[in-house]
Amino acid sequence: MASVTPAEIERQRRQSRIIYGVLAALMVLFLLFEMKLPFVVGPQALGLYDAVGKVRDDQLVLLSVNWEAGTVGESMPQTEALIQHLFLAKKRFAIFGIDPIGPGFAQRIAERQAERLGKTYGVDWVNWGYKPGQLAMFLGLARDIPGTIKQDSIRKADLTTLPVMRGIKSARDLGLILEVTSTDSIEIWIQYFHGVYGTPVGYAPTAVMVPEAYPYLNAKQLVGMLAGIKGAAEYADLLERNWDVEMTWEYPPRRAMNAVAIAHVLIVLLIVLGNYQYFTRHRRRAERT
Amino acid sequence: MKDLVIVWLAAIATLAIYSILYKENPIYRFFEHVFIGLATGYSIARLWSDVLLPSWWQPMLGGQWYWIFALVVGGMFYTIYLPRYAWMSRLVMTVLMGMAAGIAFKGFATLYIPQLAATFRPIFSPAPPYLLVNNLLIIITVVAVMTYFFFSFEHKSRAVRGTASLGRWLLMIAFGAIFGSTVMARVALLTYRLWFLVHDVPSRGIPHL
Amino acid sequence: MDLRLEHASVAVLALELLLCGLILGRIFAARAGRVPFIRRIPGLAAIDEGVGRATEMGRPILFSLGLGGLDIVTLQALAVLGHVARVAARYASRVIVPVRDAVIFSVTEEVLRDAYTAEGKPELFQPDDVRFLSDRQFAYASGVMGIINRERTASSFLFGTFYAESLILAEAGHQVGALQVAGTPSTTQIPFFIAACDYTIIGEEYYAASAYLTQEPTFLGSLIGQDWSKIVLLSILVVMVLAATLWSLTHGGAMGDFEQGVKTFWEWFPGRAAAGQ
Amino acid sequence: MNLVLLLKILSGLALGIGGLALLQRLRSGERRRLMVALTFIAGLFFLLEFVLPPGTTFFGLVPPADLTRDNFLSSWVEVIGNVVMVVGGFAFGLGLLNLATIHGRTLFRARAGWQNSLAFFVAMIAMTLAGLLKDHRAWVTVHDVLFQGLYQPLGASVFSILAFFITTAAYRAFRVRSGEATLMMIAAFIVMMAQVPIGMMMTNWLPTEGWAASLRIESISNWVLTVLNMAALRAVGFGIGVGWLAMSLRVWLSLEKGSYFGKEM
């Protein structure tokens, strides 16, 4: 609160500088070095992980990517975790979005991982590109996928000619829809795909959007969720425990989560410290009077 | 080469912004001005290519000559610099204000009536008990918080005063929860910036010989 | 609840007519001389304190109108600005107003000029104190942060629509020791204002500002009308909760038909067939 | 562009300016009445669009585009939105003018900090050109360097400063000096801890199914957010909604008082 004397302002300013310095130093430390902080995987991440495993071989996974540069720090590791899992578990998938930016990011990640894991474009995965997100487009997509998407976005080939698309015609052939997003784009999948065809839907929103997702999770309209960077880290943990392959990351979620966690710990410690000071000062003042 | 320039510029820009955490300084000031300049340029380009070009220039040259009136009306904003004509800028403004006001009738209905209707929940029924507790709490919270915002009584009666302070407490819980739920998102932003500084800059910014 | 309200149904129209009638009725009653009493709102009472502090310290005041465009929220912020500027003019203090919207910019300049003229000190008005910074959220925030630090503002007033930048503006002000008063209907930003400002005007108190500051009968009456409107909403709520409970008890907890009924009630107008089709 | 069209546009411009000249001849009281009328009409349009049921035609003359959803005014909402966007777009020049005046003066009078004003102009012009010409090959590099090297990282850095500020704000604000501050602190603590594994550890020994699962910190946090928080925000919203409606009503009917309103022309 506004302090009166310049000396008090200066004191608070010094205090703030120290806090900023400690915060940044701790976070950098935890980013640079792989620390073993206690870690648990929540039920939502697990639910999503299991849902990927349950996709049948004659089905396709739809990876809907709707995020922009602003949320790279949360959305990119989520996307990267899901793509690695899809490749490792040998699930065919299609990248899709309602504007060009998200699918572009996802494509770069997929290309890098495909090269490393020996996967082929058009056989193991495909990029459908983007379509403006009107309701009519989604309804068309649910009924007739090749007719709505028409071409893939890399080779501009007729979708029906790509091996990855064999047997995939409508929403009934989608084994799972994964939405990685920083905008409110989940409802349409829940209403028109899960609601009509029973397609399982998994959700990877940014941390600020998490509270709004609980009603859907409670109603089992979502099979699972990756909550921001924490969700990505949980997923990374699951991947590392279950696969005997080294995971690679453009932005390693476990380390990032360690840095986030240490910041939370610092904030809690500061609150405790602040209250301790408050009490001692009060007691001193009380003794004086 | 281009990537190298981008990485280093981004690194310097990031550090320059963070320098204000220590104190205001010439480097921050310089980058603040650069940022505002870039943002202005970005806005101009977006304004032209996303708004004026497709919604004004192209239709006008496509035969809808009457779009020229938009320019005249837009020009009225500029009368603020001419005292004799300054009232004209208010003319445009009043129309905009009238619109902003007229929208409220629909806005009130679409924003708040569904929420009101969603609160019509039973507080006693054979359904699972925990849901009922929640329903009861929701109703109590709504009533208490709304009571807090009454202006016409000095909260004289004890019942009103009690309900209003309960409302204020519940509000504080809600605000605390919002604060807490925002922390991770903000820290995650910083984490990625720091990762850029300590990982991307060394790995992408130093050419491999 | 998922309601189709693109157009007013009979129930919505009736409710809005009732609310508007109550508000207008109270306004005209107050204008006719029945000036009502309203309770104290601490944040608004602190506005004059903030201006006084700037005078004492001989440093400027910062007034941010937030990120809103020309809408009702911003108009209310401008009304508060008008008050702040008049008090400031009286004590010959400067008010710096960083703006993010060019349409708002022209109104702001006029509000400020009028305030100084009304106090008989038009020569004190400095056009450069109304500054268009940027319509981009964080460019605006960085600019305001710079101004606060360079001018070492004695007090900050943050009124309008705010998003994530709220805490940037408030914390920057706190660091230079400014006395800060914030008010916004953007409820999710209020916790950050509470944490970093001296006084925070919450929720509907924001719309009480004009009434509180000017004690103008029109505004006071309007505020009383708002209270009555809330009593109407609360009554509807309580009655319907009781109805829902009664329904639940008599129908073994099956709420489907009740909810359908509520939906039909809110959506129905002559000519619309069954709702929910 | 054909000549006829050009002539039409130019005569439209002349017509518009002529109209303004006519307006200028209005007397003070008439100006005021005109404003009240325009405010009312502008608001009335949106009110009528809302109130008239779908399928309403204009005396049977103008049918709505979609009889089941629209009335005859509905299709105009988008048109008007477009016009407002364009007209508002022209106002951007006012902001530009203000920026140019302030920085131009600093620059040409070589006042302290003129280098910053120069940087402002250079950045603005370069970004404008790069933004408008980004499809030309020569400008792609400039655009990428400015956008990815400066504009984006500057924005992201300012945004991320929030992490620092949220820390110091929490440190100062969450003290048990009053019941209210304590409640706020406890709620923030629970929600914050539920977000990180270290916090989740506290209750991880509880099962994930059954009633005991609701005692896990994530569940408590979720409950605070979706029950208490939701209800409190809803109640705040009702108040804001009523306040909004009341002020809109006053603006619409020109009952508003104060600096910008009710002034003599």
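The values are calculated or read from the model by the stated rules, or taken from the named source; none is laboratory data. Here the structure is a predicted model, which is why all the values come from computation and not from measurement. All Cβ positions, glycine included, derive from the backbone under ideal geometry; neighbour counts span all protein chains shown. The protein model used for the area step is the full one, side chains on, heavy atoms only, and it has no ligands, DNA or RNA in it. Shrake-Rupley method; radii C 1.70, N 1.55, O 1.52, S 1.80 Å.
Find me the longest stretch of chain B that has none of the exposed trypsin sites (Lys or Arg not before Pro), where exposed means in a DSSP loop (not H, G, I, E or B) with at most 16 other Cβ atoms within 10 Å. Numbers along the way, then the final one.
On the way: sites that count: B:LYS23, B:ARG84, B:LYS156.
No qualifying site falls inside B:85-155, the longest such stretch.
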What are the extents of the Cα atoms of the stretch C:127-233 along their three principal axes, in Å, largest first? 47, 31, 27
Once ligands and nucleic acids are excluded and a 1.4 Å probe is used, how much of B:ASP3 is accessible, expressed in Å² to the nearest 10? 70 Å²
Around C:GLY183, which amide H atoms from residues at least 5 apart in sequence, or from another chain, sit under 5 Å from its own amide H, with H modelled in the peptide plane? C:LEU158, C:PHE159, C:GLY160, C:ILE201
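Once the Cα gyration tensor of the stretch D:174-265 is found, what semi-axes does its equivalent ellipsoid get, as square roots of 5 times the eigenvalues, in whole Å, sorted largest first?
Values: eigenvalues 418, 52, 20 Å².
Computed over the stretch D:174-265, the values are 46, 16, 10 Å.
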What pairs from A:LYS119/A:LYS230; A:LYS36/A:LYS119; A:LYS131/B:LYS106; B:LYS106/C:LYS263 go past 26 Å between their alpha carbons? A:LYS119/A:LYS230; A:LYS36/A:LYS119; A:LYS131/B:LYS106
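Summarise the partner chain shielding of D:54-64 as one whole number: the mean count of Cβ atoms from other chains within 10 Å of each residue's Cβ. Write out the running numbers ahead of the final one.
Values: counts 5, 3, 2, 0, 0, 0, 0, 0, 0, 0, 0.
Counting Cβ atoms of other protein chains within 10 Å of each residue's Cβ and averaging gives 1.
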Give a residue-ordered list of calculated ³J(HN,Hα) values for the stretch A:179-187 (Karplus: 6.51 cos²θ - 1.76 cosθ + 1.60, θ = phi - 60°; whole Hz; x for Gly, Pro). 10, 9, 8, 10, 10, 7, 10, 7, 4
Long-range amide H partners of A:ASN66, meaning residues 5 or more apart or on another chain whose placed amide H is closer than 5 Å, are A:VAL180, A:THR181, A:SER182
Over what distance in Å are the Cα centres of the stretch B:144-188 and the stretch D:105-147 separated? 47 Å
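If you take each beta carbon of peptide A:20-27 and count the beta carbons of other chains within 10 angstrom, what is the mean? Don't jump to the answer; show the numbers that get you there.
Values: counts 9, 3, 1, 8, 8, 0, 0, 8.
Counting other chains' Cβ atoms within 10 Å and averaging over A:20-27 gives 5.
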With a ≥ b ≥ c the root eigenvalues of the C-alpha gyration tensor of the protein assembly as shown, is it rounded (a/c under 1.5), prolate (a/b larger than b/c) or oblate? rounded
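Any idea what diffusion coefficient the stretch C:117-178 gets from Stokes-Einstein, in µm²/s, Kirkwood Rh on alpha carbon pairs, 10 °C, 1.306 mPa s? Display every interim value, and only then the final one.
Numbers: Rh = 13.0 Å.
Once the numbers are plugged in, D ends up at 122 µm²/s.
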Long-range amide H partners of A:VAL201 with built H, under 5 Å: A:ILE177, A:VAL223
In sequence order, calculated HN-Hα J values of the stretch B:180-191 (Karplus, 6.51, -1.76, 1.60; Hz; x Gly/Pro): x, 6, 8, 3, 4, 4, 5, 5, 4, 4, 5, 4
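Where nothing but the Cβ of Lys and Arg (+1) and of Asp and Glu (-1) is charged, how large is the charge dipole of the stretch B:119-209 around its Cα centre, in debye to the nearest 20? Working shown, then result.
Working: 8 positive and 2 negative charges, 39 e Å.
In debye, rounded to 20, the stretch B:119-209 gives about 180.
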What is the calculated FRET efficiency for D:ARG33 to C:ARG40, with r their C-beta to C-beta distance and R₀ = 45 Å, to the nearest 0.05? 0.70
Give me the one-decimal Kirkwood hydrodynamic radius in Å for the stretch B:65-112, with the sum taken over alpha-carbon pairs. 12.4 Å
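Normalising by the residue count of the stretch D:174-265, find the relative contact order in percent from Cα pairs under 8 Å and 6+ residues apart. Intermediate results must be reported in sequence, preceding the final value.
On the way: 46 pairs, mean separation 14.2, N = 92.
Computed value for the stretch D:174-265: 15 percent relative contact order.
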Given the peptides D:165-174, C:202-211, D:71-80, D:144-153, arrange them by the average over their residues of other C-beta atoms within 10 Å, most packed first. C:202-211, D:165-174, D:144-153, D:71-80
Straight-line reach from B:LYS2: which lysines fall under 24 Å, measuring Cα to Cα and dropping same-chain residues less than 8 apart? D:LYS134
Output the 0 to 90 degree angle, nearest 10, between the alpha-carbon long axis of helix C:47-57 and the longest principal axis computed from the alpha carbons of chain C. 10 degrees
From phi via Karplus (6.51, -1.76, 1.60), per-residue ³J(HN,Hα) for the stretch A:210-222 in Hz, x at Gly/Pro: 4, x, 5, 8, 4, x, 5, 5, 4, 7, 6, 7, 10
Mean-position separation - Cα centroids, the stretch B:1-79 and the stretch D:29-50, in angstrom: 34 Å
So if I take the centroid of the Cα atoms in the stretch C:215-239 and the same for the stretch D:228-245, what is the distance between those two points in Å? 14 Å
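Looking at the P(r) of the stretch A:128-247, how many percent of alpha-carbon pairs lie beyond 24 Å?
Numbers: 2731 of 7140 pairs.
That fraction is 38 percent.
Could you calculate, for the stretch A:29-137, the ratio of the Cα radius of gyration to the Kirkwood radius, expressed as Rg to Rh? Let's see the in-between values first.
Numbers: Rg = 15.3 Å, Rh = 15.3 Å.
With Rh from the inverse mean 1/r over Cα pairs, Rg/Rh is 1.00.
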Peptide ranges C:216-226, A:23-33 listed from the most packed, as the mean C-beta count within 10 angstrom indicates: C:216-226, A:23-33
Filtered hits (lysines, Cα-Cα < 19 Å from A:LYS220, offset >= 8 within chain) -> A:LYS54
Convex hull projection area averaged over all views, chain C, Cα basis, nm²: 18.4 nm²
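Determine the relative contact order of chain D: mean sequence separation of Cα pairs under 8 Å and six or more apart, normalised by residue count, in whole percent. If you can, show how the numbers build up before the last one.
Values: 135 pairs, mean separation 39.5, N = 265.
Contact order relative to length: 15 percent.
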Let me check the size of the stretch B:1-85 from its C-alpha atoms; what are the radius of gyration and Dmax in Å? 20.5, 58
For the stretch B:1-146, rounded, prolate or oblate, judged on the Cα gyration tensor with a ≥ b ≥ c (square roots of eigenvalues), a/c < 1.5 rounded, else prolate if a/b > b/c? oblate
Relative contact order of chain C, please, whole-number percent, based on alpha carbon pairs below 8 angstrom and at least 6 residues apart. 26 percent
Could you work out the Kirkwood radius for chain A, taking every pair of different alpha carbons, averaging 1/r and inverting it, reported in Å? 20.9 Å
Averaged across the residues of C:192-202, what count of C-beta atoms belonging to other chains lies within 10 Å of each residue's C-beta? 6
